[in-house]
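Report on the following structure.
Every number here is computed from the coordinates shown, using simple stated rules; none is lab data. Since the model is a prediction, treat every value here as computed from it, not as a measurement. In this analysis, Cβ positions are derived from the backbone assuming ideal geometry, glycine residues included, and neighbour counts consider all displayed protein chains.
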Amino acid sequence: MPYALRARQAVRETVSGLPREFWWLWTSTLVNRLGAFVATFMALYLTLDRGYSASYAGLVAALHGLGGVVSSLGGGVMTDRLGRRPTLLIAQSSTAVFVALLGFVHDPVAIAGVAFLVGMASNASRPAVQAMMADIVRPEDRIRAFSLNYWAINLGFAVSSMAAGFIAEVSYRAGFLIEAGMTMACAILVFLRLPESKPAGRVVPAGAPDDLVSLRTVLRDGRFMSVVGLSFLVALIFQQGSVGLPVAMGEAGFTPAEYGMAIAVNGVLIVVLQIPVTRFIEHRDPRRLLVVSSVLAGYGFALTAFAGSLGLIALTVCVWTLAEIVNAPTQTSLVVRLSPVHGRGRYQGMYTMSWSVAGLVAPLLSGFVIDRFGAEWLWGLCAVVGTVAGAGYALLMRRMPGEEKVVEPSAGVRPQPEVGAG
């Protein structure tokens with residue numbers, strides 16, 4: 001069979017069999033990421049356009065991340081209580097308003113406050129997206145669905161990063177307004193095309209609490225919280241691509257343009273390889289995938305200590321990018337597998353928070369290690385953390401529960417989660 005024909009067949013098999021609602025959600029994700037501007041150019045906007053110090057820009061970035069930490073749990077609770085569709089509408093429309101406002105405020109306190117609100121609003125939609133995807137996609141198709149969604153995120157980000165650079169040369173405010181407009185378009189798309197997917201069949205006796213799964217339930221779920229902890233470790237490693245690597249390359253004499261070329265390999269590989277790698281891993285043992293990807297991520301960054309040229313650094317990026325391609329959809333699918341049906345929002349919110357907290361800790365950790373001990377120690381620490389995470393997944397997943405099923409309860413009976421309840 002000719003290569004082109006095999007390639008078309010592979011793509012067709014990868015995208016076939018998923019419900020129409022998934023593709024509307026996928027489109028919403030792509031449009032949202034195509035309009036990304038704030039996260040990419042916030043530091044340049046504050047330092048070059050507004051004339052603020054790098055320290056102030058770092059503070060604003062930290063507040064933006066803190067907003068994401070706060071809203072991870074809040075968005076999860078909203079997803080379970082209000083539903084997936086209302087949460088997406090509120091989060092995306094609020095993001096559009098706050099992003100537009102950010103382009104017009106001038107006072108440093110106001111900028112910091114609005115950046116915090118942008119972080120809150122933009123991150124609040126993630127638990128709802130992941131919960132809705134779990135609702136509408138069959139269990140056997142979830143890794144494939146999460147892979148395709150991750151592919152859309154990176155494709156949109158790659159395109160938006162290039163376009164935003166040209167837009168910033170003309171007007172930063174235009175960039176904020178374009179992102180606001182595209183985010184509002186996502187909110188409208190959700191309203192018009194996506195029905196509510198929150199599972200039905202939940203009956204709660206009179207006088208009982210209105211929450212089937214509370215945050216306390218999530219925190220008491222030892223197996224799931226172990227996954228959250230391991231996810232935090234893996235996230236710390238991957239964050240070094242945007243926090244530790246540019247600092248280390250700068251100290252080694254590389255230019256910002258050379259860092260840009262090296263990190264661009266990450267986005268290009270994800271766009272090119274996500275679909276074929278998904279076909280390869282879709283029906284393989286998730287325990288092995290998570291163990292291998294965690295170790296590969298840690299040692300991929302560790303190899304940076306021996307990379308003395310731009311080409312060798314790009315090769316190390318290839319190594320940990322492959323780990324990222326495998327780890328992201330597999331880990332998200334594991335979170336769904338451990339989540340009770342009516343608690344998916346809260347469980348996804350807790351999982352999302354692990355990445356948000358890692359986004360706050362990683363810059364502080366990498367800066368401290370590089371300043372006190374040198375970049376080589378940071379890369380060695382990545383290897384240690386990757387090994388610990390891999391061992392953790394190997395131990396955790398020796399006995400995994402089966403896929404959950406939605407049980408229709410009889411009147412007056414409170415159904416119990418089949419998995420993940422601790």
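So what are the ³J(HN,Hα) numbers for the stretch 318-335, from phi and the Karplus equation (6.51, -1.76, 1.60; θ = phi - 60°), rounded to whole Hz, Gly and Pro as x?
With coefficients 6.51, -1.76 and 1.60, one gets 4, 5, 6, 5, 4, 4, 5, 4, 7, 6, 4, x, 5, 5, 5, 5, 5, 4 Hz.
5 Å is the cut-off here: which amide hydrogens, built 1.01 Å from N in the peptide plane, fall below it relative to residue 254, excluding neighbours closer than 5 in sequence?
Those lying under 5 Å, H to H, from residue 254: there are none.
Could you sort 121-134, 19-32 so that the peptide with the highest average Cβ count within 10 Å comes first and the rest follow in order? Walk me through the intermediate numbers first.
On the way: 121-134: 27.7, 19-32: 18.4.
Packing order, densest peptide first, comes out as 121-134, 19-32.
List the relative contact order of the chain as a percent without decimals, with contacts defined as Cα pairs under 8 Å and 6+ residues apart. Walk me through the numbers before you get to the answer.
On the way: 638 pairs, mean separation 107.7, N = 422.
Across the chain, relative contact order equals 26 percent.
Would you mind checking which residues have amide H under 5 Å from residue 105's amide H? H placed 1.01 Å from N; only 5 or more apart, or other chain.
Close amide H contacts, sequence-distant or interchain: none at all.
Per residue, what volume in Å³ does the convex hull of the Cα atoms of the stretch 19-197 enclose?
Details: hull volume 18.0 nm³, N = 179.
Once divided by residue count, the hull of the stretch 19-197 is 100 Å³.
To the nearest 20 debye, what is the magnitude of the charge dipole of the stretch 212-399 about its Cα centre, counting +1 on the Cβ of each Lys and Arg and -1 on the Cβ of each Asp and Glu? Please report the intermediate quantities before stating the final value.
Working: 13 positive and 8 negative charges, 220 e Å.
Charge dipole, the stretch 212-399, about its Cα centre: 1060 debye, nearest 20.
According to a simple spin-label model (label point 7 Å from Cα along Cα-to-Cβ), what is the distance in nm between residue 395 and residue 140?
The modelled label-to-label distance comes out at 3.5 nm.
Which values, in whole Å and largest first, are the semi-axes of the equivalent ellipsoid of the stretch 212-399 obtained as the square root of 5 times each eigenvalue of the Cα gyration tensor? Don't skip to the answer; put the middle values down first.
On the way: eigenvalues 180, 69, 40 Å².
Each semi-axis is the square root of five times an eigenvalue, giving 30, 19, 14 Å.
In whole Hz, with x marking every Gly and Pro, tabulate ³J(HN,Hα) for the stretch 227-241 from phi via Karplus 6.51 cos²θ - 1.76 cosθ + 1.60, θ = phi - 60°.
Couplings: 4, 4, x, 5, 4, 4, 5, 5, 5, 4, 5, 5, 5, 5, x Hz.
Given Cα pairs under 8 Å that are at least 6 residues apart, what percent is the relative contact order of the stretch 19-197?
43
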